[in-house]
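The values are calculated or read from the model by the stated rules, or taken from the named source; none is laboratory data. Quick caveat, the model's predicted, so the values are computed rather than measured. Don't worry about glycine lacking a Cβ; one is built from the backbone with ideal geometry, like all the others, and counts go over all protein chains shown. These accessible areas exclude ligands, DNA and RNA; they are computed on the full protein's heavy atoms, side chains included. Shrake-Rupley method; radii C 1.70, N 1.55, O 1.52, S 1.80 Å.
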Amino acid sequence: MSWHPQYRSSKFRHVYGKAASKEKCYDCVPITHDVHDNQFCAVNPHFIAVVTECVGGGAFLVIPIHQTGKLDPHYPKICGHKGNVLDIKWNPFNDFVIASCSEDATVKIWDIPKPLLTRNITSAKKELLGHARRVGLIEWHPTANNILFSSGYDYKIMIWNLDTTKAVILKPVKILDAHKDVVLSMSFNTDGSLLATACRDRKIRLIDPREGTILQEASYKSHRVNKVLFLGNMKKLFSTGTSRWNNRQIALWDQNDLSVPLLEEDLDGSSGLLFPFYDSDTHMLYIVGKGDGNIRYYEVSHEKPYLNYLMEYRSPLPQKGIGMMPKRGLEVSACEIFRFYKLIPTKSLIEPISMIVPRRSESYQEDIYPLTTGTQPALTAQEWLNGVNKAPLLVSLRPGSGAVNSLPQFPEPDPLMETTDLSQHKGQGGRMPLEDMQKPHEIEDSRKQLKVDEKLPKNGQMCLSNGFDIVQSPPPRTENELLQMFYRQQEEIRRLRELLKQRNVRIKQLELELRNHCMDTDDY
């Protein structure tokens, strides 16, 4: 385990993993038996996609996220590839678009219909033809819309611009020819201006993707890298791999100096691959072992020892692949800060595992849910290709703060409110008590907030941060569902109390305005 002080203050010190009940799992899913070192699963707040076993080509399933329980053996598939599907990734800015790559050397973009699938989908929205050999990895750009990276066994990374009406794209906008072997892993920094890769030649490369130049290269011989990951804005890279003695190993690197790792540590002697996941909001790092049931998690800091070991989730069921829910799909009412979807092929089961911060308070925990990445792109594809860099657009996870899949909407100023503010400002005449006075911009902000809150109930539904509709939700069937419904109702009660408090403040303001107005007329 990583060295850590005996007493260390951290709000995530007691985070624990909780597996979903049988009713919340996805059963009878024909998970692929392919030995390729990928996750084979992609998740967003609407769907879970998983690569499946298929005869005569490659296919994957797209299951609605709330459709748990046993899967129909004749459930429709996405089956347009001629070879095994090796990787799938949801578009971060559109929950109904998914990309897939295959052994048939193609990358395909699929539109998923909003109603339930009724038949197999065989025709893709777009087909990308450029690789000479099978394509093993795909990654969407984190801030630019419709920019996709693909990596194949021809040792090339290709950049595709999907902002085109063409159904078949034969030529990428850029080809990165900086590797001498197969690329095993790709990772972007926060604004997508840098790309880190891990190659089968055991080297880590830091690349400027638009220029195609190698900025840094690590060839540390005692660490044979398999996966590499950017740690948000901390200017650090994290990698997993093996040591000289074939022990599973982790390493931490300075982004500006890849000659020697800042930290190097052997974990165990197992042979399975280690998948790293990083949560930039909580600065927590999760390490998932392929072939075992363990999930280790750490807290990352800027100072030594950099990695602070927290705990380990253990399970006797080994995972073949793993999926990760985006932050906007979590249950904030249950203090859930991360959720995995564990593929268990021996039982044909997909098991959700929630990482939870134990809190007694039932209110929204703002300290563990800072602003997080939303679903609006910061750049167009052409802007990014022209050299523009922008940080991702952030949204709040607070229930009732508005849909997280749209930009923040600011209410238009009300002319009547502005007139009232001016008359109040002129007619105060020293008659309003000092403790009841507010600055004009504060009054205006409170009134705007009141307008927004008054409009919320008219929508007919309360949309939480994961898109869950309280009104149309089915009645709870288990104790866990009943508890979650209770938390949601408590959150709604708190919201209504806040609305009532704001209305009381408004009533008090109107009473003061009326009193001042009456005193002004008496003077005349």
Practice prompt. Hey, can you grab everything whose amide H is under 5 Å from the amide H of LEU263? Only 5+ residues off in sequence or another chain; H modelled, so Pro and N-termini drop out.
Written response: LEU252
Worksheet item: In terms of modelled amide H atoms, which long-range or inter-chain residues lie less than 5 Å from the amide H of LEU86?
Response: CYS101, SER102, GLU103
Discussion item. Below 10 angstrom from the Cβ of SER187, what's the summed charge of the other residues (Lys, Arg +1; Asp, Glu -1)?
Written reply: 0
Worksheet item: What is the range 16-372's relative contact order, in percent, from Cα pairs under 8 angstrom and six or more apart in sequence?
Response: 13
Worksheet item: How large is ³J(HN,Hα) for each residue in the range 167-174, as worked out from phi by the Karplus curve 6.51 cos²θ - 1.76 cosθ + 1.60 (θ = phi - 60°), to whole Hz, x for Gly and Pro?
Response: 7, 10, 10, 9, 9, x, 6, 7
Discussion item. How long are the semi-axes of the equivalent ellipsoid of the range 173-331, taking √(5λ) for every eigenvalue λ of the Cα gyration tensor, in whole Å from largest down?
Written reply: 24, 19, 16
Worksheet item: What's the extension gain from LYS171 to LEU215 if we count 0.36 nm per residue and subtract their Cα-Cα distance?
Response: 13.3 nm
Worksheet entry | With DNA, RNA and ligands ignored, accessible area of TYR309 (1.4 Å probe; Å², nearest 10) | 40
Fill in: Extension reserve of the GLU127-THR521 stretch, reckoned as 0.36 nm per residue once the Cα distance is removed
134.2 nm
Practice prompt. Would you calculate the volume per residue, in Å³, of the smallest convex hull containing every Cα atom of the range 16-372?
Written response: 137
Worksheet entry | Environment charge at ILE121 (Cβ cut-off 13 Å; Lys +1, Arg +1, Asp -1, Glu -1) | +3
Item to complete: Can you tell me the FRET efficiency between LYS82 and ASP201 if r is taken as the Cβ-Cβ distance and R0 is 25 Å, rounded to the nearest 0.05?
Response: 0.25
Worksheet, complete the sentence: With 0.36 nm assigned to each residue of separation and the Cα-Cα distance removed, ASP72 to GLN490 gains 146.9 nm
Worksheet item: In sequence order, what are the phi-derived ³J(HN,Hα) couplings for the range 292-309 according to the Karplus relation 6.51 cos²θ - 1.76 cosθ + 1.60 with θ = phi - 60°, rounded to whole Hz, with x for glycine and proline?
Response: 10, x, 9, 10, 8, 9, 10, 10, 9, 10, 7, 9, 4, x, 6, 9, 10, 5
Fill in: Two-site FRET efficiency, LYS180 against PHE96, from Cβ-Cβ distance with R₀ of 56 Å, rounded to 0.05
0.90
Item to complete: Please work out whether the range 1-145 counts as rounded, prolate or oblate from its C-alpha gyration tensor, where a ≥ b ≥ c are the square roots of the eigenvalues and a/c under 1.5 means rounded, while otherwise a/b larger than b/c means prolate and anything else oblate?
Response: prolate
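Apply the a/c threshold of 1.5 to the C-alpha gyration tensor of the range 291-408 and tell me whether it is rounded, prolate or oblate.
prolate
Percent antiparallel among DSSP beta bridges with both residues in the range 78-217, to the nearest 5?
95
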Practice prompt. Output ³J(HN,Hα) for the range 326-331: one whole-Hz value per residue in order, computed from phi by the Karplus curve 6.51 cos²θ - 1.76 cosθ + 1.60 with θ = phi - 60°, and x for Gly and Pro.
Written response: x, 4, 6, x, 8, 8
Worksheet entry | Under 5 Å, built H, 5+ apart or other chain: amide partners of MET324 | VAL43, TYR341
Worksheet, complete the sentence: By the Cα gyration tensor axes a ≥ b ≥ c (a/c under 1.5 gives rounded; else a/b larger than b/c gives prolate, otherwise oblate), the shape of the range 246-349 is oblate
Practice prompt. Mind jotting down the three principal axis lengths of the range 145-207 based on Cα atoms? Whole angstrom, largest first.
Written response: 39, 28, 13
Item to complete: Note down the net charge around MET325, summing +1 for each Lys or Arg and -1 for each Asp or Glu among other residues with Cβ under 15 Å from its Cβ.
Response: +1
